[in-house]
1. Mind checking which residues of region C:170-194 are within 14 Å of chain A (Cβ to nearest Cβ) and basic (Lys, Arg)?
2. Tell me the residue from A:129, A:114, A:102, A:110 that is under 16 Å from the mean Cα position of the chain (by Cα) and in contact (Cβ under 8 Å) with a residue 24 or more places away in the chain, please.
3. Could you pull out the residue among C:9, C:75 that is in contact with a helix residue (DSSP H, G or I) (Cβ under 7 Å, 6 or more places away or on another chain), of a type in the set (A, V, I, L, M) and either surrounded by fewer than 21 Cβ atoms within 10 Å (Cβ to Cβ) or at pLDDT 85 or above (or both)?
4. Yes or no: residue A:299 buried (at least 21 other Cβ atoms within 10 Å of the Cβ) and in the same structural domain as residue A:186 (by TED's automatic domain parsing)?
5. Starting from region A:196-215, take each residue that is at the interface with chain C (Cβ under 10 Å from one of its Cβ atoms) and list its partners that are hydrophobic (A, V, I, L, M, F, W, C) and surrounded by fewer than 12 Cβ atoms within 10 Å (Cβ to Cβ), counting only C-beta distances under 6 angstrom and pairs at least six apart or across chains.
6. Can you give me the ranges of the helices (runs of 4 or more DSSP H) entirely in region B:127-242 with at least 1 residues that are assigned by TED's automatic domain parsing to the domain that holds residue B:424?
7. Please specify each residue of region B:43-69 satisfying the condition of being surrounded by fewer than 20 Cβ atoms within 10 Å (Cβ to Cβ) and either modelled with pLDDT of 85 or more or at the interface with chain C (Cβ under 10 Å from one of its Cβ atoms) (or both).
8. Of the conditions (1) in a helix (DSSP H, G or I); (2) surrounded by 23 or more Cβ atoms within 10 Å (Cβ to Cβ); (3) touching a residue at least 12 places away in the same chain (Cβ under 8 Å), residue B:425 clears all except one; give me its number.
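The values are calculated or read from the model by the stated rules, or taken from the named source; none is laboratory data. The structure presented is a predicted model; accordingly, all values stated were derived computationally and were not measured. Methodologically, a virtual Cβ is constructed for each residue, glycine included, from the backbone with ideal geometry; neighbour enumeration extends over all protein chains shown.
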Amino acid sequence: MHLPETGGQPVTVAPIGRKSWRGRGLRREHWLGYLFVAPLFFFLFVVIFLPLVQAVYTSLFREAGVTVRFVGLGNYTQLLGNGPFWNSLKVTVTYAVAAVALHVLIGLPLALFLNRIRRGRTVMRLAFLTPWMVAPVIGAMMWVWLLDPHFGAVNYMLHSLGLIQQYQVWLGEPALAFWSVVLADVWRGFPFVMLILLAGLQTIPKEEYEASSLDGAAPLQQFRYITLPHLRYLLAVATTLDVINTVRAFDMIAVMTRGGPIHATEVLPVLIYNTAFQANHFGPAAAVGVVLLLLLVVFSSVYIYLLQPGRSSEENI
Amino acid sequence: MPSFLTKEVTRRSVLGGLLGLAASPLLLQACMTPSANPSASKTPSPALKTAPAAGPVTLKWQTANLTEAQYEPIWKEMVAKFQVQNPTITIEPILVARKDHWTKFVTAAKANQAPDVVSVDISTGVYNGYLLPFDDLWAAEPESYRKAWTEDALVAGRYKGKLYGLPSWGGIYAEFYNKDLVQKAGLDIAKPPATWDEYLNWAKRLTTQDRWATTILGGPTDTTTRVLLSWIWSNGGDIFNPDMTATTFASNAKTLEAIKYYLDLELVHKVTAPGSVNINYLEQTVLFAQEKIATMRNAYWAVAKVAGDNPAIKQKIAVAFPPMHGNNRATMVSVTCDSISKDCKNPEAAWKWIKFVNDREWSIKRAKIANWLPLRTDLIDDPEVKQDPLLAQFLEYGKVAKAYPLNHPLWADIAATDVVSTVQAALLKRGSVEELFGKLDETLAKKFKEM
Amino acid sequence: MKKASVSQVASWILALAALAVVLFPLYWMVNTSLKPASEVFQSPPTFYSSRWTLEPYRHMWATRPFGRYFFNSLVVSGGSTLLAMALSSLAAYGFSRFHMRWERAGILVLLLTQMLPGTLLIIPYFQFMARLGLINSYLALILAYVSFALPFSTWMLIGFFRSIPRELDEAAMMDGCGRIESFWRVILPLSLPGLVAVATFTFLQSWNSYVFALVLTTDPSMFPLPVGIANIMGEYQVQWNELMAASVLATLPVMVLYGFLERYLVAGITAGAVKG
């Protein structure tokens, strides 16, 4: 998520900007700004930061029944040497890449379509948005029911259409289960990406297309040379947000598979949950959580740095 | 944002950030001390010398099954009656789906707000310091009352010699058959299979195009382990060494033989419904109720469950003792205890409620309506219980039933995760049974060492 | 011109096919919710039935305090929405109208909040709320939900406020308005679409959250919808038709809400994301 902070001026001119308000002689304004943002940060400090500190603190301890001992970074070093963590990391990465790629692959064409049509635009937009409105827990239960090996609609339909030879146990075989939870997530997740891209498409000036049409550009070329550059920044925003949300997602997998079978769908948030609430190891669980947080921070920083608008020729203001 | 990371980090901002970080634990402390102190002193005290509560008392009560249809009418009536008898005590039931029961309990316990009366795995609960022993309250009861529970029954509520749970109700495991399907396969329900060999013969004949003899349980809850264990016990095997310091899944020949026999029903003979890796109690009973499988290993409570799913099935149920191998007549009784949590401020009131829940009237009601068998032994000869032939049959099996869960502090974890993963790996052919269960023994040995 | 219409027809066909796939699970939810218990497990499953009935809805409503869950969800989501709007619009105004030395740090903190895995915070957050005596209160849920929604809301509003020319507030201040007054009188009314977008977004998130509500409420009369519904799916018994009936009822209100307000959401994201 890129948050341009200087109203579109290149980052390097920030000091000048500061001088400019000084120039206006409104020194107290500076403090007024802090006053406006203070409630938000006070809120985040109390509601998020304090529990986070507590979680980090917990991650320095290991418990064996009632005895709790301080292990320093012991939980972290143990983590790096342990199979479940690396397995979960692998699952998380594959899951996120697959899900986000599919969100974009489905969301982008739909956004293009919705942007182009005139008739039925609102209705279509709303219809495609509906999966996003379903609570993850409810969506997950719905998919469990649809994918039921004996009584589910999916097996029946695919079998009737001759697409599968026999009823599949969708959530029972590791690879199938993995793709099933990806599918369920894609179903619920693509509308968000679609929505953001649609928002971006609506800001591309019509004249650019008209001008290029006059120059005889084919639709594909228009897409390549007008649409994509405009969408570049928004694609970056959408995918970053989407990666963050997908990696943190817990509800759907927890309901659909609880991480099984044989840990095939045990993404990191589910690993945290299972470590804490099944194995009763709260310290190690917290350590996994902190590592996950760090991974997300690093990922977002690198990703945004690579894609920030300042590095490309386009200006998005 | 990245530019913040690269360019804007001035010494001042770093210093400020560090200061903020350093100050926050202090603030945290400040926010949290007021109630942190009493919590520190609230470690379970063995002596309960609290004076009887004078004022009104509220007892939070959490068990895994309050949301279940077969129990709901009974416990609502129970709460209402108790509150009339004890106007100063209010019962506050905590409704939670079974799969979230432990999460919810632990979260509350971690904040020293555990519900007062709970039903959780005793060993795991005590090991983590969540339960209060109540030997004093028990000892204060008259001999005539205590007699209702035999010492054998009480073992399930004890941990290291102290009493933490009153065994309340249980499920005795047997083999269920669908009489219709048995008949259609040309078999005689009057002579159900008594041995593994006979069972396998039946199973082969009961399997058709879209129906199966039975199902392996391989889903992510401890019912997977229960059924596996009941097969192991029917071969005279065991999964712990005598002093419970190591598991013997692979090293005990009888255990391994039973595991192989059971899993081979699917792996070799293919007489089980597909999808076993997702199947637990819920899915198994649905398959049985919808007549997709002809037999299942389950406890008495499954009668109410399958009848709830499909009322027509009730007439078709027949029950027999689980087939055995060699001369190992054994089955399982899954025990649920009522306990007082470490955060309970009025153990006397809690004990009063536990006693009430387990008195004659409600125990019999639970048995007859919800199909949960009372664990107080003085009810077995009760005419109301004896009248019911099916109930009597289960109680007869109960005489050779071993108690579940096993008395090990990590049991709840092992049963719901490690064993399940191993069963799943075996079903998915990720290795031979010997190999996988050998690895399970090793994993658990490591886990025990960390304790 | 002809060619274009062929491709148009093709894209409509594709889109409608995609729509059918996307909507099928929802249809199945409604279909299941209308089936009598005896038909739920019929195989092959029925795609519509002459025996459709509202009985599952009636029974579910009669046996569970569903109205109460509904009310709780409404209070919690409504409260979260209001609080999130207040906090994020104030902050967005601060970020978009002032230069602050700590601006980037602030934005980084916001981002960090967005990245926190919820499962990490369950226990500490519960402990915190327990110490404040806020278990079983609407406030505990509202605080949690607002914190999840704040980063995205603030980000959207920053973009929105930036799209409003500074000259407008300056003109207002020339007319004798203070900062706060110009915020209230000029900026807020102009960014109504953005505020509505933030509101619908927060409302949806709060309406659908589960885990925190699961641990933070113990009293059934305080359960919001997702917790109430999850209780219908006990491990030992699932009445699929009633479960789906409850799900339909829980999903319907947000759909109606979005039906009315969705265009603002697009407008809000357009302004927030693009012009930001």
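1. Narrowing region C:170-194 to residues within 14 Å of chain A (Cβ to nearest Cβ): C:170, C:173-174, C:177-184, C:187-188, C:193-194.
Result: C:179, single match.
2. Working: A:129 fails: under 16 Å from the mean Cα position of the chain (by Cα); A:114 fails: under 16 Å from the mean Cα position of the chain (by Cα); A:110 fails: under 16 Å from the mean Cα position of the chain (by Cα).
Sole residue among the options that is under 16 Å from the mean Cα position of the chain (by Cα) and in contact (Cβ under 8 Å) with a residue 24 or more places away in the chain: A:102.
3. Details: C:9 fails: in contact with a helix residue (DSSP H, G or I) (Cβ under 7 Å, 6 or more places away or on another chain).
Unique residue meeting the criteria: C:75.
4. Numbers: buried (at least 21 other Cβ atoms within 10 Å of the Cβ): no; in the same structural domain as residue A:186 (by TED's automatic domain parsing): yes.
So residue A:299 does not fit the description; no.
5. Between residues of region A:196-215 that are at the interface with chain C (Cβ under 10 Å from one of its Cβ atoms) and residues that are hydrophobic (A, V, I, L, M, F, W, C) and surrounded by fewer than 12 Cβ atoms within 10 Å (Cβ to Cβ), there is no close pair.
6. Working: elements: B:135-140, B:143-146, B:151-154, B:179-184, B:196-206, B:223-233.
Where helices (runs of 4 or more DSSP H) fall fully within region B:127-242 and carry at least 1 residues being assigned by TED's automatic domain parsing to the domain that holds residue B:424, they are B:179-184, B:196-206, B:223-233.
7. Within region B:43-69, B:56, B:58, B:69 qualify.
8. The one condition residue B:425 does not meet is (3).
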